[in-house]
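Taken together, the values in this text are just the output of simple stated rules run on the coordinates, not laboratory data. On a predicted model such as this, the values are computed, not experimentally measured, just so you know. All Cβ positions, even for glycine, are placed from backbone atoms using ideal geometry, and neighbour counts span all protein chains on display.
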Amino acid sequence: MKKIITNFLIYLFILPVLAQQYQNFRVSVYCTARDVAQMNDTTKYLLPRWNEISRQMRVDKVYLETHRDLLIVDQKTLDIAKKFFNDRGVEIAGGITYTVQESEHFRTFCYNDPDDRKMVKEIAEYTAINFNEIILDDFFFTSCKSDGAIQDKGNRSWTEYRLNLMADAAQNLIVGPAKKVNPGVRVIIKYPNWYEHFQGLGFNLEKEPGIFDGIYTGTETRDAVLSEQHLQQYLGYNIFRFFENIAPGRNGGGWVDPFGMGNYDRYAEQLWITAFAKAPEITLFNFSMLSRPIDQSFRSPWQGQNTSFDYETMMQPVNYNGTTPVKPTTLARVAGYALETVDEILGETGNPIGIKSYKPFHSTGEDFLINYLGMIGLPMDERPGFPAGEKLVLLTEKAKYDPEIIEKMKNQLNEGKKVVITSGLLRELQEKGLRDIVELRYTDRKAIVQDFTCGNYKLVHGDKPVLMQQIQYLTNDSWEIVSGISGANGWPILHMADYSKGKLFVLTIPDNFADLYNLPTAVLNKIRETLCCDLEVYMEGPSNISLYLYDNKTFIIESFLDSDTTLEIITFRQYNKITDIAANQFYTGELRQHRSDRRTFGMQERNAFRVTIKPHSFRIFRYE
């Protein structure tokens, strides 16, 4: 009897996983308090909208929000909504957005104010009574600078004050009260996409993952130019992997919205990138947005070329909750088609791997740079702890927050490993011990460069000029690998110095990180060759193509360019075949022997595979 009960409990626990409608992830829809407040009208509001959404895409779960902007959904309406989705076999969870007024720069609660604290706690309790799982939307932070907050802060910085204040609020106003009224409730915090600046508003990535039962990731990036955040597409992948490294196995999923997308391809790309990062669940924000009519003006100019997101194929009749296929009508079909496209082949990939980079908790410096590096084809793996023992470690300016960083660098180099630092970190460390490794100087001089050399005494001309910092070094103590040239003078773009049994590299970062995209292909190839030297695969080609690597000898290339692009995949010599998994098309490599640089790696034999990728498309390969 005990065994039967145990098996039954196991069955109940895994039932949601067995029931998911996609092979590689679950899909959820977030319903805001404004959405939920209208669900008491099932005939005119809830039923027709749900029928239209579920006809065009598969949905495993819905989040029903109880509060946003001081709107609290009443119990009667919640009961109607919960029953509606339960009756249809859709998993339900609760949601909370702790905003006072979103339209006023996301005005938040003042977590030092007794009245606000009381309301925050009551909302958590009310939601926990109704649901066994609760997710907090982006806004569990504070921007409050009331007179009371100013007095409460005292002599502390806003960052220090808010980090402590919000960690206390998490435990004593949210999680503790919720579990008191519902001991079985799981409370999850969803973090937004601006992770480099969290600490200034009280998001505490060091303490909060241990307070909450799980975390969740905002992977929305929107349009990098038109959106005021200017986030690069690769951020959607990198941020999920970074949060997974903070709370291994407890990062519940990625969250995408359609705001500022520009075209439907951009929306689809955000969903794909979230899937490439191996998010176990993808949440679509929100219920009302998915009901918006399809707009022909969001069809991109490069359509009609058999791209990964194919508008005409997406518009073919479909029906997941009936027998008669009907032409798509709303954004739900755009999401559904994008998710189905990636789900077909994502299962072939393994666990993500890449170049280890170090971001200490609460650190800033060269903010969001890792995502620009991802956009020039470097597969990144950002971590909150120093990745000791790795063959190569990349350190950006934010590593200055670690007071032991010089010693950690020396340990790596003493062990015969490689350390790559950016020019921003050079500036911070040149007077703080770096001279024990190499005497370099980040000067206050800059140069506009458009010509480059890559160690072969030949000039490479770029399409656009780039503003670079002038790095000064001692001749023959360290060496230029890639140089930027202006007139009859030049300065290091990629620099190398020996130390003990290891090698230190310095990568000069342009003042405008987006100028990395303007570096000539030959320069980008040399940077990739150096930073990816210990990876089994890297790529050669232009910028705005990303590479995602996995531990089962598979990889994905994704283009963000508007036209067909030919590039080369470079592998270790023993891998002489790559296969496009979706097309079942294989390529044989051309063995080539080249000199990386006489001072770095010597002669190396690699296989090169030439492939072409469509605009705003992805391809998944296996190498063997």
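See the values below:
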| quantity | calculated |
| --- | --- |
| 5 Å-binned pair-distance histogram of segment 352-535 (Cα, whole percent) | 1, 8, 18, 22, 22, 17, 8, 3, 0 |
| Residues listed by number, segment 463-497, amide nitrogen under 12 Å from E439 label point at 7 Å toward C-beta | 473-478 |
| Rounded tilt (10° steps) of 405-414 against the dominant C-alpha axis of the chain | 60 degrees |
| Length-normalised contact order for segment 545-623 - Cα pairs under 8 Å, 6+ apart - percent | 42 percent |
| Relative contact order (percent, whole number), the chain, Cα cutoff 8 Å, 6+ residue spacing | 10 percent |
| Chain lengthening between D147 and I80 when straightened (0.36 nm per residue, less Cα-Cα) | 19.9 nm |
| Degrees between helix 75-87 axis and first principal axis of the chain (Cα, 0 to 90, nearest 10) | 70 degrees |
| Ratio of the Cα radius of gyration of the chain to 2.2 N^0.38 Å, where N counts its residues | 1.02 |
| Residue among S559, H616, I570 farthest towards the positive dipole end of segment 545-623, charges placed on Cβ | I570 |
| Cα-based radius of gyration of segment 485-612 once divided by 2.2 N^0.38 Å, which approximates compact folds | 1.16 |
| Sites D87 and R250 - FRET efficiency at Förster radius 45 Å, r taken between beta-carbons, to 0.05 | 0.90 |
| Net charge of Cβ neighbours under 15 Å - reference F140; Lys, Arg +1; Asp, Glu -1 | -2 |
| GluC sites (Glu not before Pro) restricted to segment 184-266 and DSSP loop, no more than 12 other C-beta within 10 Å | E228 |
| For peptides 83-96, 296-309, sequence by mean Cβ density within 10 Å, most packed first | 83-96, 296-309 |
| Kirkwood Rh, angstrom, segment 431-540 [1 / mean 1/r, Cα pairs] | 14.6 Å |
| Normalised per residue, the volume of the convex hull around the Cα set of segment 455-520 (Å³) | 107 Å³ |
| Sites matching trypsin sites (Lys or Arg not before Pro) across segment 91-169 that sit in DSSP coil, with at most 11 neighbouring C-beta atoms within 10 Å | K145 |
| Within segment 445-464, backbone nitrogen closer than 17 Å to the virtual label 7 Å beyond the Cα of N518 toward Cβ | 446-453, 460-464 |
| Per-bin percent of Cα-Cα distances, segment 19-68 [10 Å] | 24, 49, 25, 3 |
| Alpha-carbon centroids, segment 223-258 and segment 186-218: separation in whole Å | 13 Å |
| The chain - charge dipole about Cα centre, Lys and Arg +1 at Cβ, Asp and Glu -1, debye rounded to 20 | 1060 debye |
| Top positive-direction residue, dipole computed over segment 333-390 with Cβ charges, set F361, A335, G389 | F361 |
| Separation of the D564 and T159 label points, Cα + 7 Å toward Cβ, nm | 4.9 nm |
| Rg/Rh (Cα only; Kirkwood hydrodynamic radius) as it applies to segment 59-128 | 1.05 |
| Structure-based [θ]222 nm, the chain - -39500 (n - 2.57) summed over DSSP H runs of at least 4, per residue, nearest 500 | -8000 deg cm²/dmol |
| Extension gain (nm, one decimal) between N489 and N40, 0.36 nm per residue minus Cα-Cα | 154.4 nm |
| Segment 443-540: trypsin sites (Lys or Arg not before Pro) in DSSP loop, at most 13 other beta carbons within 10 Å | K458, K501 |
| In nm, spacing of pseudo-spin labels at V326 and K391 (7 Å Cα→C-beta vector) | 5.6 nm |
| Label-point separation, H197 to Q574 (7 Å along Cα→Cβ), nm | 4.7 nm |
| Rounded to the nearest 20 debye, dipole of segment 21-346 from Cβ charges on Lys, Arg, Asp, Glu | 500 debye |
| nm² value of the averaged projected area, convex hull over the Cα atoms of segment 545-623 | 5.8 nm² |
| D477/N172 FRET efficiency (R0 45 Å; Cβ-Cβ; nearest 0.05) | 0.20 |
| Viscosity 1.002 mPa s, temperature 20 °C, Stokes-Einstein D of segment 21-346 from Kirkwood C-alpha radius, µm²/s | 105 µm²/s |
